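First up is the structure itself, then whatever we jot down about it.
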Amino acid sequence: MSGSDGELAAIETIRRGLPEPPAGETWIGDDAAVVAPPAGKRLLLAADAVVEGVHFDLDLVDAADVGWKALAVNVSDIAAMGGRPLHALVMVVGAGADMIEGLVRGLAEAAAAYECAVVGGDLSSGPALVVSVAITGTAGDREAVLRSNARPGDALFVTGPLGSSAAGLRILRSRKNREATGPAGLAPMAGRSPDALVSAYRRPIARVSEGRAAVASGATAMIDVSDGLGIDLDRLATASGVGVLLDAVPIAEGATREEALAGGEDYELVFAAPNPGEVAEAFGARGLRRPICIGACVSDPAMRLLGDELLEAAGYEHRLGWARLRASP
């Protein structure tokens, strides 16, 4: 990171908010970071950005939430390969001095939670807040799990109920509208508390341990639910050349069926595996919640069914901002 006096002050704020590098490594403050290479067979690389007005609204979340989310969604991409994160470069555009401290706090909290060091990046001015992250990871001594190797007969699993994030966004918008037009607060909800759903939206959880367990269980293909189960499962099936026959969709308490299918930003993992018994054993041995079997892969690559209904490739459409895409495959 380099630049004007203002940037230098911001960089110093960032440096103070993040841990010091271990001996032999150089992180923030030079032209490039110097880090130790992973000992495993493969280096995983991923990059993603969160953009104001597309992925978050600063009237609904704070800067620390944005920092957490920017790193967590990238960690989730590493988790979806069966890997663990190593290092992250963070590029921030459009953050005023009053935002930097909050962003760094959220980034530092996520970096500690996922053992993923923030080792450098860049700052720039711009018309909207954008936080872009490039991340490295490793699959260790195993091959990375692609989304393209599912086989007919493989069972399909998801690591948890879906729709929490979309329900949390709905609740935050409702609160905002109530504050603008009338008494604050929400009507009582059955099931999961509104605060838990809001937390699922503001601070998504990357399922790193679950991804590693899926690898150990013999997973053949995997993807994270970032844009919605309908569209992300369609991506896995299309890449693998298989069809999908689902029995049911696990819906988080307080969420709707539509939110579970097309809401997105749950960051649970969907994976295919040939042996359900080995899946249960691998997750149980690690003390993890057992994944939910939702159906199976079939040989007809055109099949997309949820029970007797068409399973639509429905999910988040970035070019439409907050809109949701509903389109048949």
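Any read-out appearing in this document is the output of simple, stated calculations on the displayed coordinates, not a laboratory observation. Treat the numbers as computed from the prediction; the structure is a model and nothing was measured. With ideal geometry, Cβ positions are generated from the backbone for all residues, glycine too; neighbour counts draw on all protein chains shown.
In cubic angstrom, how much convex hull volume per residue do the alpha carbon atoms of the chain span?
On the way: hull volume 46.5 nm³, N = 329.
Spread over its residues, the Cα hull of the chain gives 141 Å³ apiece.
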How would you order 150-160, 80-90, 136-146, 304-314 from highest to lowest mean count of nearby Cβ atoms within 10 Å?
80-90, 150-160, 136-146, 304-314
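Please give the peptides 119-132, 21-34, 263-276 ranked by average Cβ packing (other Cβ atoms within 10 Å per residue), highest first, as a rough proxy for protection. Write out the running numbers ahead of the final one.
Values: 119-132: 17.3, 21-34: 12.8, 263-276: 24.8.
Descending mean neighbour count gives 263-276, 119-132, 21-34.
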Net +/- balance of residues flanking Ala39 in space, Cβ distance below 13 Å, scoring K and R +1, D and E -1:
+3
Cβ neighbours within 10 Å, averaged per peptide: list 197-205, 281-289 in order, most packed at the top.
197-205, 281-289
Expressed in nm to one decimal, what extension gain is obtained for the pair Ser299 and Ala239 from 0.36 nm per residue of sequence separation less their Cα-Cα distance?
20.3 nm
